[in-house]
Amino acid sequence: MPTVLLIEDEIIYHHMLEHALRPLGFVVYTELTGSEGLEAAQVVHPDIIITDINLPDISGYEVTKRLRRDPRFAHVPIIILTGQTTLQDKLASFEAGADDHINKPFEPEELIARMRVLLRRAELLRQALPTGTVQTPPKQARLIAVHTLRGGIGASLIAVNLAIGLKGLWNAPTLLLDLAMLAGQDALLLNLPLRRTWGDLANVSPQDLDLELLQSIIVTHESGVDLIAAPTTPTQAEMISNETLSRALEILRPHYDYIVADLPHDFNDITLQILDAADVIIMLVAPELSSIRAAAAALDTYAKLNYEKDKIKIVLNYTFPRYALPRDKIEVALGHPVTLVLPYVPDLLVQSVNLGKPILYYQPAERFSELIEDFAFYLSSPNHKKIQPSAPTPAWKRVYNRFLKARKAAERSR
């Protein structure tokens, strides 16, 4: 008898589906919140999961993403129910990892028909796997979003150097997405030409987008980091649809280990789409009042979007030499710890920007570079961090030697 887990906060749907499914031999379990649904999935191990999007605590998208991270649920069919009917909503469901997306209101017969198709597909997949095979989800790039509501404090510079740090550590495919569509600067910071950009997709429908087309707009820096640059004109930027970006991300994630997204300084549709999908959000802050107020507003919005607090890492960038607000008071004001503090290094930064030479790549011995490189290691995927590479890169060796030095210093101070 197939088991069904329904995660839905409207009791009427509990009754409707129980009435329709139980006479057909289904065992139905119901939960009212996303957190309760996730806990029930660990106990029940359902054959199929149905979740609403709008739940009281976390969204159905987030429920789906968390389930997909667990190998035990990598191939369990998931259907998302929603009253939202736009193409963007449907694409968001598939991006989260759902197998199907059904709009409310719906006919139980239609839902049952789709469930049976998904259950048959899952059964065929199980039969195709050798006995004892662990089902693992397909490769998905670790997505790191760099965000701030206060422009001019180094977000693009951090995104560029962080991408270089991740590529240097693991020599793994790494992509930098410049999504500040109206005024992106990542190509300039890498001294790369703007012959191809997001703007080349302005007249391409999401349905026609494929890997080959995306590869045609990717340029590669000498560090090995791939870049999709922001459009060169505002007119082109306005023609890039959210559906195109969603489809692009869906295509690109399986082909990279890391994607760093340099976001606009707002909460537009592009920003929200990437923030929702991100594994980590880096929020950049300068030690001055206007930046702190903007950061507080951003954190409040993250909370309303039900992002886990641990998903957000604050980077404090000292953009001026004196009269800065102290770190401890910033942490108290924001109610969130600062993960990384970057020093005031104006000469390095001006030279880097003017010449298009990222500090970490050209001057790895600088303290600024060491901090970014260590931060890149901290943000790396657990699968990379837990095992020493068979052929360690120079960047990995630098991070490891700094770790050993810090550990010895700590042991001497005891």
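Our helix-only sum for the chain, with -39,500 (n - 2.57) per DSSP H run of n ≥ 4 divided by its residues, gives a mean residue ellipticity at 222 nm of -13500 deg cm²/dmol. Distance between the modelled labels on Leu289 and Met1, one decimal in nanometres: 6.6 nm (7 Å Cα→Cβ projection).
May I ask you to list the residues of segment 168-199 whose amide nitrogen lies under 14 Å from a point 7 Å from Cα along the Cα→beta-carbon direction of Ile251? Only 197-199 pass the distance filter.
For Lys65, the lysines whose Cα comes closer than 17 Å to its Cα, not counting residues fewer than 8 places off in the same chain, are Lys90, Lys139, Lys309, Lys311.
Computed with a 1.4 Å probe over protein heavy atoms only, the accessible surface of segment 175-282 comes to 39 Å² per residue.
For the chain, a crude dipole built from +1 on the beta carbon of Lys and Arg and -1 on the beta carbon of Asp and Glu, taken about the Cα centre, is about 2020 debye to the nearest 20. Annotation: extensible slack from Asp70 through Asn306 equals 82.9 nm (criterion: 0.36 nm per residue apart, minus Cα-Cα distance). Binning the C-alpha pair distances of segment 349-389 at 10 Å intervals from 0 yields a P(r) profile of 28, 39, 25, 8 %, listed from the shortest bin outward. Positive end of the dipole of the chain (Cβ unit charges, origin at the Cα centre): among Ile50, Trp170, Leu194, the Cα lying farthest that way belongs to Trp170. When the Cα positions of Ala261, Ala96, Thr3 are compared along the charge dipole of the chain, Ala261 comes out farthest toward the positive end, with charges on each C-beta of Lys, Arg, Asp and Glu. Taking His221, His15 and ordering them by how much accessible surface each has at a 1.4 Å probe, largest first, produces His15, His221. Over segment 128-275, the hull volume per residue, using the convex hull of the C-alpha atoms, is 130 Å³. Taking all protein chains into account, the per residue accessible area for segment 326-381 stands at 49 Å² (1.4 Å probe). Set against the 2.2 N^0.38 Å expectation for a compact globular protein, segment 324-372 has a Cα radius of gyration ratio of 1.42. Computed over segment 253-396, the range of Cα coordinates on each principal axis works out to 44, 39, 28 Å, biggest value leading.
When the Cα positions of Leu67, Ser390, Leu149 are compared along the charge dipole of the chain, Ser390 comes out farthest toward the positive end, with charges on each C-beta of Lys, Arg, Asp and Glu.
Legend: Rg and Dmax of the chain, from Cα coordinates, 23.2, 74 Å. Using the Cβ-Cβ distance between Thr235 and Phe106 with R0 set to 56 Å, the FRET efficiency from 1/(1 + (r/R0)^6) comes to roughly 0.85. Size descriptor for segment 53-120, Kirkwood hydrodynamic radius: 12.4 Å (Cα pairs only, one decimal).
Placing +1 on the Cβ of every Lys and Arg and -1 on the Cβ of every Asp and Glu, with nothing else charged, gives segment 12-98 a dipole about its Cα centre of roughly 260 debye. Based on C-alpha pairs under 8 angstrom that are at least 6 apart in sequence, the chain has a relative contact order of 16 percent. The fraction of all Cα pairs in segment 288-337 landing in successive 5 Å bins from 0 to the largest distance is 4, 18, 32, 23, 13, 6, 3, 0, given as whole percents. Surface composition of the chain: carbon plus sulfur atoms contribute 54% of the solvent-accessible area (1.4 Å probe, protein chains only, all chains present). In units of the compact-protein estimate 2.2 N^0.38 Å, segment 316-414 shows a Cα radius of gyration of 1.28.
Note on segment 19-77: semi-axes of the ellipsoid equivalent to its C-alpha gyration tensor, largest first and rounded to whole Å, are 19, 15, 10. Given +1 at the Cβ of Lys and Arg, -1 at the Cβ of Asp and Glu and no other charges, the dipole of segment 278-342 around its Cα centre is 140 debye to the nearest 20.
The values are calculated or read from the model by the stated rules, or taken from the named source; none is laboratory data. Not measured: the values here are computed from a predicted model. Here the Cβ is made from the backbone with ideal geometry for all residues, glycine too, and neighbour counts use every protein chain on show. What goes into the accessible areas is simple: the full protein's heavy atoms, side chains included, and nothing from ligands, DNA or RNA. Shrake-Rupley method; radii C 1.70, N 1.55, O 1.52, S 1.80 Å.
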